[in-house]
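The values are calculated or read from the model by the stated rules, or taken from the named source; none is laboratory data. The structure displayed is predicted, hence computed values, not measured ones. Backbone-built Cβ (ideal geometry, glycine too); neighbour counts: all protein chains shown. Only protein heavy atoms, including side chains, enter the accessible area calculation; ligands, DNA and RNA are left aside. Shrake-Rupley method; radii C 1.70, N 1.55, O 1.52, S 1.80 Å.
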Amino acid sequence: MEIALRAVRDSDLPEFHRQMTDPEAARMAAFGPADLGGPGAFRDYWKRLRDTSHVLRTVVADGTVAGTAAVYGVAGEREVTYWIDRAYWGRGVATAALRALLAEVPERPLYARAAADNAGSLRVLEKCGFHETARARGFADARGREIEEVVLILKARTGGR
């Protein structure tokens, strides 16, 4: 499968909305936007995101919109995030997309957070070089309760590799 990143297009937004309102995917991700609203509100949400310094990318798998990948936040505290359509889970799409995003955004450190029970996402982050630094508790809108999350960091490379 060929995985690529590209700039987000307006035509991607209906697919993002479908992916992010999938109840099973939202439960697994746990920490997504609180209320995506209908297509119009979702489009406005993405307009606000696109008017920032965030690095926002569409993940494309064999020519099909498979999700999103992004870096956001202030220098020194920037985080990565991604959302992959459930149809692509377990197929290496998230790992390939995150690797491509990390190659595009060389600044370090970068941080990530994942629900402690989201083994798939934690595995993706670890394959891409992130290491656990802490555990925290946070309110997960998609689950309607506070849950444990893992905080990870990707530090600058050291040594000669």
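Quick check: convex hull of the Cα atoms in the range 34-161, volume per residue, rounded to a whole Å³?
Values: hull volume 17.0 nm³, N = 128.
Spread over its residues, the Cα hull of the range 34-161 gives 133 Å³ apiece.
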Run the quick spin-label model on L36 and R86: label points 7 Å from Cα toward the beta carbon, then report their separation in nm to one decimal. 1.1 nm
Cα→Cβ-extended label distance, 7 Å offset, between R123 and E107, nm: 3.2 nm
Which of W89, V60, A134 sits closest to the plus end of the dipole of the range 1-142, meaning its Cα is farthest towards the positive end, when Lys and Arg get +1 and Asp and Glu get -1 on the C-beta? A134
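Run the helix sum for the chain: -39,500 (n - 2.57) per DSSP H stretch of 4+ residues, divided by residue count, reported at 222 nm to the nearest 500 deg cm²/dmol.
On the way: 5 runs with 48 residues, N = 161.
Result for the chain, helices only: -8500 deg cm²/dmol.
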Protein accessible area in the chain, 1.4 Å probe - carbon and sulfur %: 49 percent
Placing one identical point scatterer on every Cα of the range 1-99 and ignoring solvent, what is log10 I(q)/I(0) from the Debye formula at q = 0.18, 0.24 Å⁻¹? -0.86, -1.50
Using +1 on the beta carbon of Lys and Arg, -1 on that of Asp and Glu, and nothing else charged, what's the dipole of the chain about the Cα centre, debye to 20? 400 debye
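Ignoring ligands, DNA and RNA, how do E107, E149, E126 rank by accessible area with a 1.4 Å probe, largest first? Don't skip to the end; give the middle numbers.
Working: E107 75, E149 20, E126 110 Å².
So the residues, ranked largest to smallest area, are E126, E107, E149.
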For F31 the rounded accessible area (nearest 10 Å², probe 1.4 Å, non-protein molecules ignored) is 70 Å²
Along the dipole axis of the chain (charges at Cβ: +1 for Lys and Arg, -1 for Asp and Glu; origin at the Cα centre), the most positive-end residue among V150, A7, P109 is P109
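How much length is gained if the chain between D51 and T21 is pulled fully straight, taking 0.36 nm per residue apart and subtracting their Cα-Cα distance, in nm to one decimal?
Working: separation 30, 0.36 × 30 = 10.80 nm, distance 2.28 nm.
Between D51 and T21, full extension yields 8.5 nm more.
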With every protein chain kept in place and ligands, DNA and RNA left out, what is the accessible area per residue of the chain? Probe 1.4 Å, answer in Å². 55 Å²
Mean-square fluctuation check for the chain, GNM, Cα pairs under 10 Å: which of T95, T68, T52 is largest? T52
